[in-house]
Amino acid sequence: MNRKSIRLATLTALAAASVAVAAPMASAAERHHAVEARNTQQTEQVQQAQDQIDLLAAIDEDGFEERLLALPSNPSPQQVAEAMYPGNEAAQEAALPLLVNTPQAPAASHLDGGVQYGWWDTTKRVTACIGAVGAFVAGNGLLVTKAAKFGGVIKGAKLIAQAGNSTERWKLAVAIFGDISGISGVVKACGG
């Protein structure tokens, strides 16, 4: 073989190897983009349903603690949603993804490390926190009584969710309920 043939054969082999390596990468990228598009669409659908309902204002505070006491310990997210919004199926449906997934992504960060939440981010965070605290105290009269000392489950959850950072949320949750098993899950669901 002459030099030109060797170069041509080498380039052909390199091109074939590049295609063989790039093809799986391209299909993986396409799958990733398809999953992202589907997740974005689902998020938009949930947000549209939630935008029509003020989830915090829709919570039925009258008798909330009694409804929580009637729940079993470790209630399902659906049971907690029903306790938060009795008879309001639209609010239950809008809140359920927040109680299941408890997404706590902040809207924006300040330069000093603090987090700035928009009203919708705050609504989602506080609603998820109320649901987490509700599930935590469900069926436990002692924990409901401890929350009552801070104004009730809803007020206690709002205080925890709106604390400045995760350390403050942790301290407040421990102050309300004591350092008991499961408190870290409540703090995490309330924003970290």
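Each reported figure results from applying straightforward, stated rules to the coordinates on display, with no laboratory input. Quantities reported herein were computed from a predicted structural model and do not represent experimental measurements.
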Item to check | Residue-by-residue Karplus 3J(HN,Hα) for the stretch 163-174, coefficients 6.51, -1.76, 1.60, Hz, glycine and proline x | outcome: 5, x, 8, 5, 5, 5, 4, 4, 4, 5, 5, 5
Checklist entry - For the stretch 55-189, what's the relative contact order in percent, using C-alpha pairs closer than 8 Å and at least 6 residues apart? => result 26 percent
